[in-house]
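Step one of this worksheet: look at the structure below.
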């Protein structure tokens, strides 16, 4: 079929850390030339959408409207708003997550917050983990922005937000509500923003555990590209095969697939 809309991962798909993936850049340019709707859907919460937009333009030769970028930070706020509890929160994360939450009207509380939100934090300390653990034990709603155990970078696969969540889950014996891929929360909202029918929309990404399972688990066609997390030798052993598997996005045809 010919897909009418594309949900696209960033890290490992369009770029890898600070390293360019030229085929990823060309893939977006081809979408733009054909005026095919697309939305970047990223589990990365360390950057604001405006920062991602500027980075894509300045470092990766991709000029894209701000509304084509949907992060797990934005999806987390949508989820918290829907729950409707007190707007108090303790956040483990970086500026992209914290600033978005605070700008949405939430206030930091290190003692007894309504929510504990956990994303990637490269300045993680034992004290931050302690505050989060105690708050969750007191009854704070435990939210994980994404389950990524690793993030692909030019240095290799570094610890991701999911690794921090695993530590806090072990410390509290409470499972977090996960917002990001592969969960339905972010995918349902992303499809709503994109505006295409699910049956005509494809999820594109490099990580089988998050990107591709997000598509499989939520009824989307999927395109796994082997430029990031999931390696070629793993493909034959995947429990459910992606709809499409490519070594490079240059191999993709926007016509019938």
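We did not get these values from a lab; they are worked out from the coordinates using the rules stated. All of these numbers come straight from a predicted model, not from anything done at the bench. Glycine also receives a Cβ, built like all others from the backbone with ideal geometry; neighbour counts cover every protein chain displayed.
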So what is Rg over Rh here for region 82-137, counting just Cα atoms and using Kirkwood for Rh?
-> 0.94
Return an integer: the convex hull volume of the alpha-carbon atoms of region 1-149, in Å³ per residue.
-> 130
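Where Rh is the Kirkwood radius over the Cα pairs of region 139-257, the temperature 4 °C and the viscosity 1.567 mPa s, what D in µm²/s does Stokes-Einstein return?
83
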Determine, at each q value in 0.12, 0.13, 0.14, 0.21 (inverse angstroms), the log₁₀ of I(q)/I(0) that the Debye formula gives when each Cα of region 85-178 is one equal point scatterer.
-> -0.34, -0.40, -0.46, -1.01
Quick note on 222, 45, ordering by fewest other C-beta atoms within 10 Å, gives 222, 45
Taking only DSSP H segments of four or more residues, each worth -39500 (n - 2.57), what value at 222 nm results for the chain once the sum is divided by all its residues, to the nearest 500 deg cm²/dmol?
-> -10000 deg cm²/dmol
Estimated distance in nm for a label pair at residue 184 and residue 67, the labels positioned 7 Å out from Cα along Cα-to-Cβ = 2.7
